[in-house]
Amino acid sequence: MNKATLKQEYKERIIPILKKEFSYKSVMQVPVLKKIVLNQGLGIATADKKIIDVAVDELTTITGQKAIVTHSKKDVSNFKLRRKMPIGVMVTLRQEKMYEFLERLVRVALPRIRDFKGIDSKLDGHGNYTLGIQEQIIFPEINIDNIIKILGMNITFVTSAKTDEEGYALLREFGLPFKNIKRN
């Protein structure tokens, strides 16, 4: 399969659709997908340091890009948390890797979720969308036999859209399976 298929589809199919739908005068006004950020918050890592290493390996395998460890910014005694303790893992995807991941997410991973009926269509007010995934095993790159602990993650789609309607239309055209399709 060609790696640039979604990028080509954006240029050839999605731009004309959005340009017509929102009456843009220029192609430059059409919103673009800037980046996709995958984030795993691992509060349980305060007790077991191995979980961070496993999460880095898994996120690196899923995205094809090295995941980085995120650290706490301050002490929180209620959570037994010290400043600069590792508490999460994240990856920011752009360009080719972003389109490649989006294609695998939409065409392979999301359909593997049991009893899947679509994703919520609640954007953040600025045209960006965050998708919460309960378990990392929906990605075919993860070997179920090697799983130590089921971990969830947040996947944030950052767009250049000015409004939620524009961001929603862009992500819908990329193939994200929203539950309630809005029609103008």
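When peptides 108-118, 58-68 are ranked by their average number of other Cβ atoms within 10 Å per residue, the highest-first order is 58-68, 108-118. Note on LYS19 and VAL108: their simple-model spin labels are 3.3 nm apart, each label 7 Å out from Cα toward Cβ.
Pairs to check: LYS73/LYS117; LYS11/LYS73; LYS20/LYS122; LYS20/LYS179; LYS25/LYS117; LYS49/LYS122. Give those whose C-alpha atoms are more than 32 Å from each other in this structure. Violating the 32 Å limit, Cα to Cα: LYS73/LYS117; LYS11/LYS73; LYS25/LYS117; LYS49/LYS122.
With a simple spin-label model that places each label point 7 Å from the Cα along the Cα-to-Cβ direction, the separation between GLN95 and VAL27 comes to 2.0 nm.
Values in this text are rule-based calculations from the coordinates and carry no lab data. Everything quoted here is computed from the prediction, not taken from an experiment. Here the Cβ is made from the backbone with ideal geometry for all residues, glycine too, and neighbour counts use every protein chain on show.
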